[in-house]
Every structure is written in structure tokens, then in C-alpha cells.
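What follows is a short report on a single structure.
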Amino acid sequence: MKVAVAGCCHGALDKLYETLELLQRRHNVRPDVLLCCGDFQAVRNEADLRCMAVPAKYRHMQTFYRYYSGEKKAPVLTIFIGGNHEASNHLQELPYGGWVAPNIYYLGYAGVVRFRGVRIGGISGIFKSHDYRKGHFECPPYNQQTIRSAYHVRNIEVFKLKQLKGPMDIFMSHDWPRSIYHYGNKQQLLQMKSFFRQEVESNTLGSPAASELLQHLKPSYWFSAHLHVKFAAFMQHQTTSKEELPKATKFLALDKCLPHRDFLQIVDIEHDPNASDSLEYDAEWIAILKATNNLINVTPRSWNMPENNGLHAKWDYSVTEEAIKEVLEELNHNLKIPSNFILTAACFDPSKPQKHREAVHTINPQTTEFCAQFGLTDINDRIQQAKEEDSVRGEYEEEEEEEEMDSTGSAEEHSEYNTDNSGLSSINPDEIMLDEEGGDEDLSTCSVDPSPDHPPDFSTSFSDIRIMPDSMVVSSDDAMDSNNEDLEKSGANKQSEEKSPNERSLKRVGCNENGNSGMKKIKRRNQAIYAAEDEDKTE
């Protein structure tokens with residue numbers, strides 16, 4: 001089976017599919033599935049643009065809305081994970097995954113599916129230690145902090161994925177697993193991206209959570225993006241017992257979708273010729289979702305997952321064969337994911353721009369159906385319940401405060417969140433950096449014009465994954481798990497969510513309502529990050 005893998009898409013779907021068409025025309029290569037490793041930018045309208053953590057003047061509609069509206073259809077099954085530049089309000093509608101457009105499937109906060117017998121898993125977002133142990137509490141309208149924390153990886157998703165026992169064929173993450181650079185051509189990487197040197201040498205580049213999953217899942221292939229550079233590695237995993245068969249992971253990171261950049265790779269992967277051509281649920285993953293359903297947290301309070309430390313009655317949530325059989329029986333052994341895409345928001349109309357359209361918290365019918373079918377908690381419904389409870393509690397507390405204040409007194413205002421820099425700790429000139437100390441930003445200022453349909457420059461040839469030596473074995477230093485300290489860190493400052501004075505009710509269907517949220521000004525250090533031109537000379 002031919003699998004096309006793409007790095008950061010940045011909303012350039014037309015260019016991505018045109019590249020695949022050119023590949024077929026020139027080389028007679030037609031992929032069976034396309035995998036996108038984040039920064040997909042499923043932007044439907046102007047409200048979605050303002051829910052994307054990028055500077056306002058660089059928010060462009062791009063071309064996804066044409067696939068959302070039905071004007072166009074993806075020519076190949078497309079499966080993607082979220083990155084750190086996404087329309088978070090849209091993806092949040094599908095915490096367990098679902099269709100964002102016909103033939104385009106989002107894996108959710110974390111997810112596992114099967115296609116032609118190949119098991120494909122992924123985790124969305126990027127790692128930030130101060131949000132890692134929180135629940136998924138964010139919802140639109142976002143404030144300056146939550147527009148960023150919404151895409152940060154949470155420990156519950158990593159915990160769920162670590163309950164998997166079956167072999168994993170393909171896994172995707174947006175940011176790289178920490179330490180993976182030690183298993184490829186590190187010297188070449190630093191020649192291309194010299195500003196990574198400090199973090200590579202200190203072993204702090206990448207996600208410790210992804211590294212933990214890499215060591216646990218040991219997938220055959222791991223694909224990433226985020227750092228805007230092509231890099232291949234081969235990791236030979238250590239065995240824990242004589243009975244365990246040795247496993248290895250081929251890692252590949254890809255660049256962003258621009259001319260003259262290595263943003264696309266075709267990989268041949270063995271598949272089951274007798275398996276269904278439809279995208280299917282993974283029975284073990286569904287069983288794990290059911291088993292961990294009571295662990296769902298929708299508050300910003302930090303907490304730890306159950307572990308064998310004497311503090312938890314249960315810490316192993318892996319599932320039995322019987323539990324997997326129960327899932328199969330519930331589905332009548334039909335694992336096909338239903339084609340139940342439905343519009344939940346008005347689509348961008350170039351002839352009638354709605355620059356003041358605002359995002360509302362929406363429940364997607366796909367999520368409702370999925371949760372009802374498997375007896376799961378609808379995270380968005382739980383968030384709305386928590387908001388309503390907090391609102392009632394807040395009104396009661398305000399009444400008490402008013403009684404205690406004198407005629408000239410005033411209630412103390414909530415302090416602002418400390419913002420989170422979602423870039424690298426060292427400055428990456430090829431990445432958007434979000435400044436922490438900007439002034440208020442006018443959210444109504446954003447481009448709603450579709451990107452010019454300039455044909456991409458396809459002078460770049462497509463090569464196979466660089467072959468790494470089979471004898472490369474993990475050294476004792478490389479095998480050290482350096483992520484414990486970072487995984488246990490929490491933010492130094494306790495944070496509480498800024499309340500909007502007029503909170504909106506949860507929306508369950510497509511909506512035209514508007515709402516506002518204030519944001520600080522976001523400064524951009526790389527002025528050419530989204531320019532559709534060759535940037536090699538500037539790096």
C-alpha cells in the first residue's frame with residue numbers, strides 16, 4: 001500500500017492534492033491514503049481564523065473551506081492530526097475524531113484507526129509541561145491563554161495510548177519525540193538548522209511525552225512535522241525479555257508545504273489485501289476509551305494519571321480480549337467508520353465576507369453519535385455543564401462580594417493569564433513565535449481573502465526514505481529516559497480561566513451566532529513563515 005505523508009499543511013490543501021496529481025501524472029504513483037502530521041488548518045470561516053494562534057495579519061482563509069462546503073472533494077482518503085496552528089474551535093468539536101469534510105478524517109486529541117489492515121495512530125498538539133497535567137477545559141470564546149493551551153498535549157491522552165498492547169504500524173505526532181535526533185544524521189540536521197544545536201546537545205529538543213510513547217508503542221513508522229525540516233532516523237528498540245522479538249522504528253519528519261521544500265514522501269507499507277478498503281475503528285482503542293471514560297477531566301486543575309505507587313486502587317487500564325470482543329459484538333463485527341459528516345458552521349463565502357463572525361462552543365453530531373454508541377462522555381457537553389455550574393457559583397459569590405463592599409468599593413478584577421510561548425525555547429527563524437507581552441490585538445483584523453491560486457513549483461523530486469544501518473543499536477546513553485523531570489513539571493504560576501461576562505450557551509448544530517474574545521497582540525519574529533516562496537536562502 002502506498003502511503004503519502006505530508007508535513008505541515010498550513011491550509012494549502014489545493015497545492016497538496018495538486019502535488020499528488022502531478023506525482024501520478026509524471027511517475028504513475030497514486031497513493032492509497034494521505035497522512036498529514038499537523039498544522040492542517042481546517043478553517044471553515046472567519047470565526048475559525050480568529051481561533052488560530054497566529055498573528056492576525058497572517059490569518060488567511062486558504063482552501064479548506066472549499067472541501068468543507070462540498071465545492072471540492074479530497075481525491076484521496078486524508079487522515080490528519082492537529083498541530084499548534086489550528087482552528088482549535090473546529091477540531092475541538094471532534095475530541096474522539098471524525099470527519100471534518102468528506103474523505104478527510106481527524107484523529108482527535110488522540111486516536112487509532114485501521115485502513116486496509118494497517119493500524120494508524122496519532123496524538124494531536126504539542127507538549128508544554130505547564131498544561132500537560134490539566135484536563136481539556138478550553139472552549140470558545142478563547143482568551144489569550146486558552147487559545148494556546150487548547151492545542152497542548154494532555155497526560156490523559158498519553159495514558160490512554162500507553163494502554164495499547166497490539167502492534168502499531170504507523171504513528172503520528174506533530175512535534176518530534178525527544179532524543180530521536182540521536183538516531184539519524186545529527187550532523188546534517190545541525191548544518192541545516194544550526195539553531196537546534198543547544199537543545200540537541202542538552203537533549204531538550206522535542207516532546208518527552210512523544211518519546212515516552214515511542215518507547216512504549218514501538219511502531220514500525222513514526223511521522224512528524226513541526227520543525228520544518230526533513231529528517232530520517234532509525235531506532236532499534238531494546239528488548240525487555242528474551243521472549244520479546246526485537247523491534248525497530250523508522251522515523252521521518254517532513255518540511256512545510258512550500259515550493260522547493262521536502263514536504264511530501266511516498267512510503268510503501270505492507271497491508272492486508274483481504275482487509276476492507278474503508279476506514280475502520282480499532283476495536284482495542286474503542287475498548288480503552290470505554291475503560292478510561294471515568295478519568296476524563298475538564299478542569300484546569302493539574303492531576304496525575306493512575307500509577308502503581310500505592311495511591312491508586314487501579315492503574316492498569318489495558319483491556320482484555322473479552323472487552324475487545326464486546327466492542328466487536330456491539331458493532332456486529334462491522335468496524336467501518338460511518339460517513340456521517342455534517343456541516344456545523346456556516347462556510348466562508350468570498351462574495352459575502354463576514355469579518356465579524358465569531359466562534360461559539362458547538363457540539364458536533366458525530367461526537368454525539370459516537371459517545372452514544374459506545375457509552376462515552378461527551379467532553380464538550382461536560383465542559384458546558386462545568387461552565388454553567390461555575391457561572392451560578394460566580395453569581396452567588398458576586399452577590400456576597402457586593403454585600404461586603406462599601407459604596408465606593410469595587411470587586412477585584414481577575415488577573416490575566418501568563419501567556420505561553422508555543423515555539424521552541426531557542427529561536428527558530430522558521431517558526432512562528434508568539435510573544436508574551438504584546439498589547440491588545442484587534443481580532444477583527446484578519447484576511448478573509450482566499451490565497452492566490454498560484455501553481456506550486458514542482459521542481460523537487462521525491463525520494464525514498466534514507467536507509468539507516470540495520471546494525472544501529474540504541475546506546476546506553478541514548479536509552480536513558482530523560483523525560484521524567486519535564487513530565488512532572490507544572491507551571492510555576494497557578495492559572496484560573498478568565499470569565500467572559502456574557503457566556504454563550506453550547507451550540508449543538510450549525511450556527512451563525514457571533515461572540516467576541518479579547519487577545520493580546522501576537523508578535524511575529526519570522527515575517528516570511530507563510531510566504532509561498534523558497535525560503536532556503538533565508539535560513
- How much accessible surface area, in Å² rounded to 10, belongs to the heavy atoms of PHE137 with a 1.4 Å probe? 10
- Item | Interchain or long-range residues, amide H under 5 Å from PHE251's placed H | TRP222, ALA233, PHE234, MET235
- Scan around ALA345 for amide H atoms under 5 Å from its own, H built in the peptide plane at 1.01 Å from N, and keep only partners 5 or more places away or cross-chain. CYS511
- Task: Evaluate the charge dipole of the stretch 240-319 about its Cα centre and quote only its size in Debye, nearest 20, assuming +1 on the Cβ of each Lys and Arg and -1 on the Cβ of each Asp and Glu.
- Result: 540
- Simple SL model, points at 7 angstrom along Cα→Cβ for ASP390 and LYS314; separation in nm is 2.8
- Of PRO219, TYR181, ALA313, which is farthest along the charge dipole of the stretch 2-385 in the positive direction, counting Lys and Arg as +1 and Asp and Glu as -1 at C-beta? TYR181
- Query: Where both partners of a DSSP beta bridge lie in the stretch 2-385, what percent of those bridges are antiparallel, to the nearest 5?
  - Reply: 50
- Using every pair of alpha-carbon atoms in the stretch 2-385, split the distances into 20 Å bins beginning at 0 and state the percent of pairs per bin, rounded to integers. 28, 62, 10, 0
- Query: Hey, any idea what % of the stretch 2-385's accessible area is carbon plus sulfur with a 1.4 Å probe?
  - Reply: 46
- Residue-normalised accessible area of the stretch 255-397, expressed per residue, 1.4 Å probe, Å²: 52
- Can you pull the one-decimal nm distance between simple spin-label points at LYS186 and LEU343, each 7 Å off the Cα toward Cβ? 5.3
- Message: Under the 0.36 nm per residue contour assumption, what length would be gained going from the current alpha-carbon distance of GLN373 and SER202 to full extension?
- Response: 56.9 nm
- Query: Tell me, what is the 1.4 Å probe accessible area of LEU252, in Å² to the nearest 10?
  - Reply: 0
- Query: With θ set to phi - 60° and the Karplus curve 6.51 cos²θ - 1.76 cosθ + 1.60, what are the ³J(HN,Hα) couplings of the stretch 217-230 in order, to the nearest whole Hz, using x for Gly and Pro?
  - Reply: 7, 6, x, 5, 10, 10, 10, 9, 9, 6, 8, 6, 7, 7
- Message: Ranking request for peptides 283-295, 204-216: highest mean number of other beta-carbon atoms within 10 Å first, then the rest in descending order.
- Response: 204-216, 283-295
- Using a Förster distance of 30 Å, how high is the FRET efficiency between ARG26 and ASP277, based on the Cβ-Cβ distance and rounded to 0.05? 0.70
- Item | the stretch 101-146 - charge dipole about Cα centre, Lys and Arg +1 at Cβ, Asp and Glu -1, debye rounded to 20 | 260
- Note on the structure: Too long for a 32 Å Cα-Cα cut-off, among LYS15/LYS325; LYS186/LYS290; LYS160/LYS230; LYS72/LYS134; LYS57/LYS160; LYS290/LYS355, are LYS15/LYS325; LYS186/LYS290; LYS72/LYS134; LYS57/LYS160; LYS290/LYS355
- Distance in nm between label sites at ILE269 and GLU244, each 7 Å beyond Cα in the beta-carbon direction? 2.3
- In sequence order, calculated HN-Hα J values of the stretch 275-283 (Karplus, 6.51, -1.76, 1.60; Hz; x Gly/Pro): 6, 5, 7, 8, 6, 10, 5, 9, 4
- Task: For ALA42, list long-range residues whose amide hydrogen, built 1.01 Å from N in the peptide plane, is under 5 Å from its own amide hydrogen.
- Result: ALA87
- Message: Name the residue from MET172, GLY125, ALA74 whose Cα lies farthest towards the positive end of the charge dipole of the stretch 58-203, charges +1 on Cβ of Lys and Arg and -1 on Cβ of Asp and Glu.
- Response: MET172
- Note on the structure: Largest-first ranking of VAL29, VAL54 by accessible area, probe 1.4 Å, whole protein assembly kept, is VAL29, VAL54
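The values are calculated or read from the model by the stated rules, or taken from the named source; none is laboratory data. A quick note: this is a predicted structure, and the numbers were derived from the prediction, not measured. Note that we place each Cβ from the backbone using ideal geometry, even for glycine, and neighbour counts take in every protein chain shown. Side chains are part of the model used for accessible areas, which takes the heavy atoms of the whole protein and leaves out ligands, DNA and RNA. Shrake-Rupley method; radii C 1.70, N 1.55, O 1.52, S 1.80 Å.
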